[in-house]
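J.: This structure is in structure tokens; I'll ask about it shortly.
Each reported figure results from applying straightforward, stated rules to the coordinates on display, with no laboratory input. Quick caveat, the model's predicted, so the values are computed rather than measured. Cβ placement follows ideal geometry from the backbone for every residue including glycine, while neighbour counts extend to all protein chains displayed.
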Amino acid sequence: MKNTKLIFSFVVLAAVTALFMGILGCEKDGDTGSDLDDYFAANPYISDPRDEGRNSSDGIDISPSSATVSAIGQTIVFTISGGDEPISWAVSGNAGTITQQGNGRQAIYKVTTVAENNVIASDVKGRAAIADIEVTTSDLAIVPSQTTISGAGTARFTATGGNPPYEWSIGLPNMEASHVISGANNQYYDYTVNVLWVGTNSIIAIDSKGDTAQAAMIQLP
């Protein structure tokens, strides 16, 4: 009888623990959603694209639409296309900062706490696009993390770590004249500058698990 009571107690304890952990998990999953709700509630003149079941309004897009972070101080370049200037940038939570660049169509997110967050870009008409910041423990990286070229030239970026093979993406395709991807795991990305463009472009490596890493290509006159 005593053993039966003991087994019953363990079963009840396990059930309560599972329920409690499930509640905590749901609260964690909803953190960034709650932050976004608060942001749009505080800025009613900006349309929430989630009301239409998506992360961007008609005529405006953000790139990358999602990114992963793993270290304090890590930076990510976001680019907005479409929309009417001026463009405004914001973050939904306090895990990072966003700094607008140049004409406002680019902004740099800097990690202050390794946690989930959202970057929101909006135009003068109140249309918005949302990018998701997610946490990863992946060691995926791009070497070098930043390169500067003045005038014409080609730079090689190399994906390391993570789970190869790799895919590549570019923030502003028009800023490069051409590119070549090579290597057994597509780990090399040779970027040739379009001399008609000046500014910062983002080079994004994506591994087979979907983790991302980003490097900056700075183009000077």
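J.: Take the alpha carbon atoms of the stretch 64-90, find their center, do the same for the stretch 128-182, and report the distance between the two centers in whole angstrom.
T.: 14 Å
J.: Do the sum for the chain: with -39,500 (n - 2.57) for every DSSP H run of n ≥ 4, divided by all residues, what is the mean residue ellipticity at 222 nm, to the nearest 500 deg cm²/dmol?
T.: Only helices count here, giving -6000 deg cm²/dmol.
J.: Dipole of the stretch 31-135, Cα-centred, from +1 at each Lys and Arg C-beta and -1 at each Asp and Glu C-beta, to the nearest 20 debye?
T.: Charge dipole, the stretch 31-135, about its Cα centre: 360 debye, nearest 20.
J.: I would also like to ask the following. Under the Karplus relation 6.51 cos²θ - 1.76 cosθ + 1.60, θ = phi - 60°, what is the ordered set of whole-Hz ³J(HN,Hα) values for the stretch 117-133, x standing for Gly and Pro?
T.: The phi angles translate into 7, 9, 10, 10, 10, 9, 9, 5, 8, x, 7, 9, 9, 10, 10, 9, 9 Hz.
J.: Write down, largest first, the equivalent ellipsoid semi-axes of the stretch 141-220 in whole Å, where each equals the square root of 5 times an eigenvalue of the alpha-carbon gyration tensor.
T.: 22, 11, 10
J.: Which residue, chosen from GLN101, ASN117, ALA42, occupies the Cα position most advanced towards the positive end of the dipole of the stretch 31-135, where the dipole is computed from +1 (Lys, Arg) and -1 (Asp, Glu) charges on Cβ about the Cα centre?
T.: Ranked along the dipole, the leading option is GLN101.
J.: Please report the relative contact order for the chain, taking Cα pairs under 8 Å with a sequence separation of at least 6, and give it as a percent rounded to a whole number.
T.: In percent, rounded to a whole number, it is 17.
J.: Please report, in Å, the Rg and the Dmax of the chain, where both are computed over Cα atoms only.
T.: 21.5, 85
J.: What does DSSP give for the chain in terms of the percent of beta bridges that are antiparallel, rounded to the nearest 5?
T.: The antiparallel fraction comes to roughly 85 percent.
J.: Further question: Tell me, what are the semi-axes, in whole angstrom and largest first, of the equivalent ellipsoid of the stretch 31-135 as set by the roots of 5 times the Cα gyration tensor eigenvalues?
T.: Output for the stretch 31-135: semi-axes of 20, 16, 11 Å.
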